[in-house]
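Each remark here refers to the structure printed beneath this line.
The values are calculated or read from the model by the stated rules, or taken from the named source; none is laboratory data. Since the structure is predicted, the reported quantities are computational estimates derived from the model, not experimental observations. Cβ atoms come from the backbone with ideal geometry, glycine included; neighbour counts cover every protein chain shown. Please note that ligands, DNA and RNA were not included when accessible areas were found on the heavy atoms of the full protein model with its side chains. Shrake-Rupley method; radii C 1.70, N 1.55, O 1.52, S 1.80 Å.
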Amino acid sequence: MLAASGINKKISWNASARVDTLDDELVKIMKEAGCSLLALGFESGSQDSLNKMGKRTTIEKNLNAAKLCRKYGIKILILL
């Protein structure tokens, strides 16, 4: 809707996201709608620490989310 109206060329917006909810299609749509930055909750760079904290994510998912953002030119803010 934002892209169709052209407003995405006039404004940009930021968001927070869980890494396990992002996929190629969603990140592409977000970029087309004007998203310029995503804050991603990596929580830790250690799988052992993620497991001990009860996080339902993996280092691989963290890296995939970062790669998707890079692919579409969305800056990331990593939250540890």
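Data for the structure
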read-out	value
Selection within the range 1-55 - in contact with a Lys or Arg (Cβ under 7 Å, 6 or more places away or on another chain), closer than 19 Å to Lys71 by Cα and among the charged types (D, E, K, R)	Asp20
Total residues in the range 3-14, condition open to solvent by 70 Å² or more (accessible area, probe 1.4 Å) and either of a type in the set (Gly, Ala, Ser) or modelled with pLDDT under 95 (or both)	6
Elements of type helices (runs of 4 or more DSSP H) contained in the range 15-80, each with 2 or more residues being open to solvent by less than 30 Å² (accessible area, probe 1.4 Å), farther than 24 Å from Ala4 by Cβ and modelled with pLDDT of 95 or more	59-72
